[in-house]
Amino acid sequence: MPEGVIIAVKKGYTGSIRGDDGNEYRFNRKRIIQGNFDQIQMGRRVEFEPDGEWASQIRLLDEVQDLSQQTTGSPLTSAKRRKQRTTKRRSRDHTSISPFGGYRFLNPYNFVRLLGKPRPENHVLGNCPPPPHDRYVGLTGRITCQVSAVTPLFISDSHAIWEDANGHKTYRFFQLDGQPALPASSLRGMVRSVFETVTNACFVAFSHTPLSYRLSSRQAPWLVPTRVERDGDNWYLQLLIGTSALQIKSPPNDFQYAAWSASYWPLKPSKTLRGIGPKGRKLSQKQLSRIQKFIARTNNRVHNPDGITHGEKCYALLEPFQHPHPRIKFWNVLEVRRNRSELPQPQGSQRIEEGWLCITNQNIEPKHSERFFFRSRENSSGPERIALPKSVREAYEILIEDYQDR
């Protein structure tokens, strides 16, 4: 994991980190997963995961550098830093590292990193088929342990389940010979997790398919809408970036790539739709007018009189719109038609564009709009389409298959 040093702190909860790679990253307290908040100070060494211009998964380390002496002093080597931290960690009270104080549960697969070197082959602790359960292989013996329930504990019994007239089920605690007991499988699981941690064991439940990856909500605006096209044996991605310039690993600088097509009244309306702007301010008359039109349109669907379906090519009458949030600017779909001639003539800053309507239905509670994907004819930013390598397409098909299975 990359390392760096805190070089600026503002109000005790935000600041900047200079990575050992020479780049600077922003951070706030929400991104600190290990360490006390009162340890946030200039010169504090940290481990972190780069996330664009931000640092995430931050761990505050024991070492504090004297930033004033950096220009003349000799910095510690990475080996010396690791040796110092190892010595300090051995005597550290691990319950004190929680930013919330007191007990904190740590998932071993979150705080123990995988080894970078290959595991030994054909060894019970290496890369080999798991040993059979009908014989002893490797080390055998007995483990004696004491168990204390430091938090409320309930292990349900598969027997003696009561159900009332309303279908509510009541379970009892697991029992053995009429007495509450801990099943051996629960103890085995705890011992096994510790063993897997200290031995850097292989993952035991793994399929042949790659793991899924989900972007953080902050990275969602980075996504570029594309349409897959096929030309013989060659596959391409048509970039649908609307009227904005193509950006890589950052949101568009102007309008969002996709236009918004108001389609539903949300199950959980946002503050904006309830007439409340950022920081509790009232919305402008133009913004309130759009909300009133939005409510009317979602009731009678007048913006899609042709009943255009998902993925169907069509034409849309668009108007620019500034969301109450100052960073959200988009094209608002006024009407969509199969034939361009059936749309009203654009007025003022309105425009007509050819594109595709994407309809995924009301799949989350706050959703209110579908998307219209297009690329304006005058937009010359970046290529119009890029080749789609076979390996990428196959990986994408595996990902979609896994998504559909779920």
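The values are calculated or read from the model by the stated rules, or taken from the named source; none is laboratory data. Quick caveat: nothing in here was measured; it's all calculated off a predicted structure. Positions of Cβ are backbone-derived with ideal geometry, glycine not excepted, and every protein chain shown enters the neighbour counts. In case anyone asks, the SASA skips ligands and DNA or RNA and just uses the protein heavy atoms, side chains included. Shrake-Rupley method; radii C 1.70, N 1.55, O 1.52, S 1.80 Å.
Might you let me know whether segment 84-96 holds any residue that is open to solvent by less than 90 Å² (accessible area, probe 1.4 Å), out of contact with any helix residue (DSSP H, G or I) (no Cβ under 7 Å at 6 or more places or on another chain) and at pLDDT 85 or above? Among the residues of segment 84-96, not one is open to solvent by less than 90 Å² (accessible area, probe 1.4 Å), out of contact with any helix residue (DSSP H, G or I) (no Cβ under 7 Å at 6 or more places or on another chain) and at pLDDT 85 or above, which makes the answer no. Selection of segment 165-174 for residues being out of contact with any Asp or Glu (no Cβ under 6 Å at 6 or more places or on another chain) and modelled with pLDDT of 90 or more yields His168, Thr170, Tyr171, Phe173.
Could we say that Gly277 is in contact with a Leu (Cβ under 6 Å, 6 or more places away or on another chain) and either modelled with pLDDT under 90 or surrounded by fewer than 11 Cβ atoms within 10 Å (Cβ to Cβ) (or both) here? Spelling it out, Gly277 is indeed in contact with a Leu (Cβ under 6 Å, 6 or more places away or on another chain) and either modelled with pLDDT under 90 or surrounded by fewer than 11 Cβ atoms within 10 Å (Cβ to Cβ) (or both).
Taken over segment 222-244, the criterion of being small (Gly, Ala, Ser), free of Cβ contacts under 8 Å to residues at least 24 places away in the same chain and within 12 Å of Glu384 (Cα to Cα) is satisfied by no residue. Checking each residue in segment 130-182 for being touching a Pro at 6+ places or on another chain (Cβ under 6 Å) and not in a loop (DSSP other than H, G, I, E, B) picks out only Phe173.
In this structure, Tyr257 does satisfy being aromatic (Phe, Trp, Tyr) and modelled with pLDDT of 85 or more. Restricting the search to segment 126-175, which residues are touching a residue at least 40 places away in the same chain (Cβ under 8 Å) and of a type in the set (S, T, N, Q)? Listed by number, the residues that qualify are Asn127, Thr151.
For segment 211-228, the tally of residues that are assigned to a loop (DSSP other than H, G, I, E, B), modelled with pLDDT under 85 and open to solvent by 80 Å² or more (accessible area, probe 1.4 Å) stands at 3. Return yes or no: is Leu125 open to solvent by less than 100 Å² (accessible area, probe 1.4 Å), at pLDDT below 70 and under 21 Å from Gly189 (Cα atoms)? Here the answer is yes, as Leu125 does meet what is asked.
The set of residues in segment 343-391 that are of a type in the set (A, V, I, L, M, F, W, C) and modelled with pLDDT under 90 contains only Ile364.
In summary, Leu237 fulfils each of the numbered conditions (1) aliphatic (A, V, I, L, M); (2) surrounded by 15 or more Cβ atoms within 10 Å (Cβ to Cβ); (3) within 30 Å of Pro305 (Cβ to Cβ) with the single exception of condition (3).
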